[in-house]
């Protein structure tokens, strides 16, 4: 079978989110002015999309991105370093909840990163940008399912090694993930079902429920009865939902702890640990920046991860990587009251970064660099470099 042709191209580079986060307000203003004067058709729009995304202006960001993609589909991330490897990242329209935010992992590396967007309803491109290795950044979602199917159809013709093959991305769906992980020794994951509106779950109360294709606790609620569930459906209309058996993972001190771990080529690396007083734990709302005690505990966990948590759960974590068939996957997890690895979710979209203020989190950059180095090592290994 003939491989998909590749062709040299040199799109005008654009700044990724990590670079924008380091800019001062005057530098951002200058960048915006420069983007408006750019001759490269889609560049000013895609650059403005990133600026709006940085400022949590989702609607404006998506409008700018849509305009950019009307002009072109291929963009290159600006990099001051001389590249030694060419990476092609496949994305779809959307934000960091729709695609793996891989630019944070590659920030500061010597990898030339080209992004190729696929659009729903369009034919697959006739040619690809020149590259050495491919990373599929499309996340698992109903929205991305047609794009993943389109991409999977091209895999036999793909000209380079592929990290996170599109056929495996759907393994991150919450119900599919439960089915794949439930029988792994030492691993516990709450029973999870996909429900239609009005459908009753086949599990005991309490449960948690959220609309499909939501992240970050959006629409997530704990339900204690059928009557509460009926009220929830009325208040949160959606096409489908994920319901899961509620698991009490409260520690002896009354707090809840959740780790984000990334598995890269089967090896675990810790990215953060959130500690909160509420069962719905998210790092941004856990008050980590305001509590020196929480940060000290996170520091101990991060710096001792390789010789403690990762060592104790080595076999379960390796089994999870094999079951999901993903080369790069983030896992939100903790150790439960019985000493098992309790997995909340596992997919390729979870953000990992070293963008927290160093004066508050001085321990993070060195730990995170281990994961970043592991990813570039994986790229070179697969590319045969």
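Bear in mind these aren't lab numbers, they're just calculated from the coordinates by the rules spelled out. Note that this is a predicted model, so its numbers are computed, not measured. Virtual Cβ from ideal backbone geometry, glycine too; neighbours counted across all protein chains shown.
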>> Testing the spin-label approximation: label points 7 Å from Cα along Cα→Cβ at residue 373 and residue 74. State their distance in nm.
In response: 3.4
> Based on the alpha-carbon gyration tensor of region 6-165, what equivalent-ellipsoid semi-axes (square roots of 5 times the eigenvalues) come out, in whole Å, largest first?
Replying inline: 25, 18, 15
>> Taking R0 as 25 Å, what FRET efficiency do you get between residue 22 and residue 366 from their Cβ-Cβ distance, rounded to the nearest 0.05?
In response: 0.85
> For the chain, with equal point scatterers placed on the C-alpha atoms only and solvent neglected, what are the log10 I(q)/I(0) values from the Debye formula at q = 0.06, 0.10, 0.13 1/Å, to two decimals?
Replying inline: -0.24, -0.69, -1.18
> With the radius of gyration and the Kirkwood radius both derived from the Cα set of region 151-202, what is their ratio Rg to Rh?
Replying inline: 1.15
> Hey, how much of the P(r) for region 256-383 falls beyond 24 Å, as a percent of Cα pairs?
Replying inline: 25
> Please report, for the Cα atoms of region 191-245, the Rg to one decimal and the Dmax as a whole number; what are they, in angstrom?
Replying inline: 9.7, 25
>> Place a point 7 Å from Cα of residue 194 in the direction of its Cβ. Which residues in region 299-343 have their backbone N less than 19 Å from it?
In response: 324-326
> Per residue of the chain, what 222 nm ellipticity follows from adding -39500 (n - 2.57) for every DSSP H run with n ≥ 4, rounded to the nearest 500?
Replying inline: -9500 deg cm²/dmol
> Using Cα pairs under 8 angstrom and six or more residues apart, how large is the relative contact order of region 256-383, in percent?
Replying inline: 29
> Taking only C-alpha pairs under 8 Å that are 6+ residues apart, what is the relative contact order of the chain in percent?
Replying inline: 16
>> Give the separation of the Cα centroids, region 280-341 to region 1-34, in Å.
In response: 33
>> How long are the semi-axes of the equivalent ellipsoid of region 166-303, taking √(5λ) for every eigenvalue λ of the Cα gyration tensor, in whole Å from largest down?
In response: 28, 20, 14
